[in-house]
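Here is the structure we will look at.
The values are calculated or read from the model by the stated rules, or taken from the named source; none is laboratory data. What you see is a predicted model; the values in this text were computed from it and never measured. Please note: Cβ atoms are built from the backbone with ideal geometry, for glycine as well, and neighbour counts cover all protein chains shown.
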Amino acid sequence: MYYNVSMKKILFLLIIIACAGIGIVFAQAKTNGKVYMESVKIKNPSVAGIFYPSDKDKLVKQINAFKKNSINNYKISTRAVIVPHAGLIYSGRLAYEGISQLDKSIKNIFIIAPAHRVPFSGLALTSYDSWSTPLGEISINKEINNELVSKFGAKINDEPLAPEHAIEVEIPFIQTVFKDVKIIPILVGNEDSQKIYEIISYYYKNPQNGFIISSDLSHYLSDENARRVDSYTAQLIETGVIDNFPNELACGATGIKGLIKFANQQDFSLIRIDMTNSSSTSFDRNRVVGYGCWFLYEGKRNEFIKEYYSDFILNLCKESIKNKTINPSEIEYPKVLSEYGAVFVTLEKNGQLRGCIGSIIPQRPLINDIITNAKNSAYADPRFKPVDKSEIKDLSIAVSLLSVPKPMQFKNEEDLLNQIRQNVDGIIIKDNGHQAVYLPSVWEQIPDKKEFLNSLKVKAGLSPNHFSKTFEAYRFETSYIKEK
């Protein structure tokens, strides 16, 4: 059929109008001197004007405000974060702080988010070539999409992605922080966290890949109850516990548990950036949504604290001894010290022990444990008189950050002794109501395993030769911070 030039133009315009609703445009491609038209599918924004401003200038202004008011002072980059996905007015600051900590050399960002609107099984990927927001378009890595289908059983399924906000609200932050990056949106339906773990494990091997786990925490509890529940959720995330992690604690629990499992397998840690809830901006304390933000650290948490915050902790101990009424709410401190943990504080004067008090099991935020044990080591160690004000300047302070104690399985005392790692393990023993603990630093005074264990028994009020079927032993490690 023959059309004149004007008719062709009219038909072309009609096609553009018809395709506008689903974001299809045409691009020219030139092959062997011939010009072809290729369709490019663009995912138009679904929640612009609802979860974030639809006006570009207003959106830029809002994100710049998050940047200005950021409290994240961690001087380290990461390749995986957990961030919230509520309306930007409520959780945008935390989302910005997490995403801005991602390594800027990353070229591909997986956004793993829960489905809120359309129920389905498995993992849903988009067929679109790019995703549009008021800040422009961002490309989708179709090659990785195809791999996810062939290797991990994901499916191309635009239906649940169409109205979903949990992926889209992260994209403006990515567009702000990164200039040359592609995204891989993964919407999680009825799926096990094992699948997320496998995906992260496979793609983390490439240093150009990064991961955003999109999740809010508790939903529609009172402010008081939300803080209690979210604190428990944070402890599970930060201690790497997934067996007791019910999905009801977070809407993106599947993604969170997948990342936790990966961190456990690699001996990595999830470090808290911050936590809050919607009452901080809505001022409605009756029905709130909780938000938390964490980043993946390629190492153990206590070693991270030792490397970056040793001076802070030692100075905090000194101030706690000088000022017995010091309160964590009165000072600024890194949020990693809000995580639950256990410490021992040791005081020496002229090379001699002057006090040592600590906690074995994490039972409160680290900041509180440090302050409390610093005071108690100076004023409440029953072996010594309370430190006099004139002595404070002569005290030498050391802090031991304890890992969570792990039970040891052994057949007899000889088997136990063989398992104990000299100069590495701190040991806790329990039997018949008796208990005692030695820090790893005690190996300096008692280097022999047998003598170490016998001395620990005596400390517990037992005979050095004591052993029974009910004898329990636990091991832990410490990160040791001492004044230079």
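Looking at segment 318-333, I want the residues that are in the same structural domain as ASP394 (by TED's automatic domain parsing) and have a partner that is of a type in the set (Asp, Glu) and modelled with pLDDT of 90 or more with Cβ atoms under 7 Å, at least 6 apart or on another chain. Which pairs are those?
Sorted first by the residue in segment 318-333, then by its partner, the pairs are ILE326/GLU319.
Scan segment 70-109 for residues that are assigned to a helix (DSSP H, G or I) and either closer than 18 Å to ASP180 by Cα or within 14 Å of the chain's Cα centre (by Cα) (or both) and jot them down. Let's see the steps before the verdict.
Going residue by residue through segment 70-109, those that are assigned to a helix (DSSP H, G or I) are 88-99.
The answer is LEU94, ALA95, TYR96, GLU97, GLY98, ILE99.
May I ask you to say which residue of SER359, SER310, SER279, SER338 is small (Gly, Ala, Ser) and under 14 Å from the mean Cα position of the chain (by Cα)?
On the way: SER359 fails: under 14 Å from the mean Cα position of the chain (by Cα); SER310 fails: under 14 Å from the mean Cα position of the chain (by Cα); SER279 fails: under 14 Å from the mean Cα position of the chain (by Cα).
Residue meeting the stated conditions: SER338.
Considering segment 363-385 alone, what residues qualify as being of a type outside the set (D, E, K, R) and part of a helix (DSSP H, G or I)?
Passing the criteria: LEU366, ILE367, ASN368, ILE370, ILE371, THR372, ASN373, ALA374, ASN376, SER377, ALA378, TYR379.
Residues to consider are ASN315, ASN244; find the one that is free of Cβ contacts under 8 Å to residues at least 24 places away in the same chain, more than 22 Å from GLU198 (Cα to Cα) and surrounded by fewer than 17 Cβ atoms within 10 Å (Cβ to Cβ).
Values: ASN244 fails: more than 22 Å from GLU198 (Cα to Cα).
One residue alone meets the criteria, ASN315.
Testing PHE344 on (1) in a strand (DSSP E or B); (2) out of contact with any Lys or Arg (no Cβ under 9 Å at 6 or more places or on another chain); (3) more than 24 Å from SER403 (Cα to Cα), one condition comes back false. Which one is that?
Single failed check for PHE344: (3).
Is one or more of the residues making up segment 267-281 more than 20 Å from ALA154 (Cα to Cα) and at pLDDT below 95?
Our first condition is that a residue be more than 20 Å from ALA154 (Cα to Cα); within segment 267-281, this holds for 267-281.
Filter once more, so that each one left must be at pLDDT below 95: 280-281.
Within segment 267-281, one or more residues are more than 20 Å from ALA154 (Cα to Cα) and at pLDDT below 95.
What number of residues in segment 116-139 are touching a strand residue (DSSP E or B) at 6+ places or on another chain (Cβ under 8 Å), surrounded by fewer than 22 Cβ atoms within 10 Å (Cβ to Cβ) and not aromatic (Phe, Trp, Tyr)? Before you say what the answer is, go through the steps one by one.
Filtering segment 116-139 down to residues touching a strand residue (DSSP E or B) at 6+ places or on another chain (Cβ under 8 Å) leaves 119-134, 137-139.
If we keep only those that are surrounded by fewer than 22 Cβ atoms within 10 Å (Cβ to Cβ) too, we end up with 119-122, 127, 129-130, 132, 134, 137-139.
Then keep just the ones that are not aromatic (Phe, Trp, Tyr); that gives 119, 121-122, 127, 129-130, 132, 134, 137-139.
Total satisfying the criteria: 11.
Suppose the filter is out of contact with any Lys or Arg (no Cβ under 8 Å at 6 or more places or on another chain) and modelled with pLDDT of 95 or more; does THR126 pass it? I'd like the intermediate steps shown before the answer.
Details: out of contact with any Lys or Arg (no Cβ under 8 Å at 6 or more places or on another chain): no; modelled with pLDDT of 95 or more: yes.
In short, no.
Which ones in segment 37-66 are more than 26 Å from ARG117 (Cβ to Cβ) and either in a loop (DSSP other than H, G, I, E, B) or polar (S, T, N, Q) (or both)?
Hits for segment 37-66 are SER39, ASN64.
Residue under question is GLY98, and the condition is that it be farther than 23 Å from PHE295 by Cβ and of a type outside the set (A, V, I, L, M); does it hold? Full working, then the answer.
Values: farther than 23 Å from PHE295 by Cβ: no; of a type outside the set (A, V, I, L, M): yes.
Against the criterion (farther than 23 Å from PHE295 by Cβ and of a type outside the set (A, V, I, L, M)), GLY98 does not qualify.
What pairs come up if the first residue lies in segment 421-437 and is under 23 Å from TYR480 (Cα atoms), the second is assigned to a loop (DSSP other than H, G, I, E, B) and among the polar types (S, T, N, Q), and their beta carbons are under 9 Å apart, counting only those six or more places apart or on different chains?
The qualifying pairs are GLY426/SER403.
Looking at the structure I just gave you, is ILE273 crowded, with 21+ Cβ neighbours inside 10 Å, touching a strand residue (DSSP E or B) at 6+ places or on another chain (Cβ under 6 Å) and not in a helix (DSSP H, G or I)? Quick ask: steps written out before the conclusion?
Values: crowded, with 21+ Cβ neighbours inside 10 Å: yes; touching a strand residue (DSSP E or B) at 6+ places or on another chain (Cβ under 6 Å): yes; not in a helix (DSSP H, G or I): yes.
Against the criterion (crowded, with 21+ Cβ neighbours inside 10 Å, touching a strand residue (DSSP E or B) at 6+ places or on another chain (Cβ under 6 Å) and not in a helix (DSSP H, G or I)), ILE273 qualifies.
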